[in-house]
């Protein structure tokens, strides 16, 4: 598919797609439960599909779609079990998993267990993040819609701060073997902008103390960077620059949300711990 923003610089593509994404996220999050499920389900499904497309073992026709669907069903069934809803989704996951095993035997895949291992790794890598975000969204915590939106904003602020600070002042490499462009100066710039964003959200959601928002800003910056480096390690092992080209200026879905794969579970633990111990 042709990139409609290809005539613009990479920076302007990043800015335009970023603002459109923020508008979409804010709109869906404030729709409530159904908006959350649409948002998280869409991102998880696209992330799984893109991850399976990176498989170095090849994927038989239709397997990416089936594996992505099975992952979404697994995430939903786990979420239902944790939130005391019903558990029928797990049975659908088992059916899909058995279908893939039978398919593997009847179609005589090449490197069958490598393919199945890659599918399972996609579930392990991507599902916990979105379960944690969904649990915050549907939990009984006070006004968590703004907190969930704030976590996305903190990560994007950290990314933007690191990008601009790194371009202007970046000299000391952070992890050159994995990501040559990342620097300690960029990390510091990301932390500063994330802290400022946290201050802004504290003013909007004052019942959560500024200390909590600043802790979330720090954890988002640190673990978001580690999540970014983890995905960079994956791409480097596959000799890839980007995981895809769905988002102009950003690359693929995995490129845009890689920081959340580590930051979301950590922030979930922080928010839930605060809610249970200090409220």
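Does residue 211 satisfy the criteria of being surrounded by fewer than 16 Cβ atoms within 10 Å (Cβ to Cβ) and within 18 Å of residue 274 (Cα to Cα)? Spell out the reasoning first.
Details: surrounded by fewer than 16 Cβ atoms within 10 Å (Cβ to Cβ): yes; within 18 Å of residue 274 (Cα to Cα): yes.
Yes.
Does residue 155 meet the test of being at pLDDT below 85 and either over 18 Å from residue 256 (Cα atoms) or surrounded by 21 or more Cβ atoms within 10 Å (Cβ to Cβ) (or both)?
Details: at pLDDT below 85: no; either over 18 Å from residue 256 (Cα atoms) or surrounded by 21 or more Cβ atoms within 10 Å (Cβ to Cβ) (or both): yes.
For residue 155, the condition - at pLDDT below 85 and either over 18 Å from residue 256 (Cα atoms) or surrounded by 21 or more Cβ atoms within 10 Å (Cβ to Cβ) (or both) - is not met.
Out of 116, 44, 69, which single residue is surrounded by 19 or more Cβ atoms within 10 Å (Cβ to Cβ) and modelled with pLDDT of 80 or more?
Numbers: 116 fails: surrounded by 19 or more Cβ atoms within 10 Å (Cβ to Cβ); 69 fails: surrounded by 19 or more Cβ atoms within 10 Å (Cβ to Cβ).
Result: 44 is the single residue among 116, 44, 69 that is surrounded by 19 or more Cβ atoms within 10 Å (Cβ to Cβ) and modelled with pLDDT of 80 or more.
Among (1) surrounded by 18 or more Cβ atoms within 10 Å (Cβ to Cβ); (2) in contact with a strand residue (DSSP E or B) (Cβ under 7 Å, 6 or more places away or on another chain), which single condition is residue 189 missing?
Against the list (1) surrounded by 18 or more Cβ atoms within 10 Å (Cβ to Cβ); (2) in contact with a strand residue (DSSP E or B) (Cβ under 7 Å, 6 or more places away or on another chain), residue 189 comes up short only on (2).
The values are calculated or read from the model by the stated rules, or taken from the named source; none is laboratory data. Note that the structure is a prediction, hence the values are computed from the model and not measured. Note: ideal-geometry Cβ built from the backbone for every residue, glycine included; neighbour counts use all protein chains shown.
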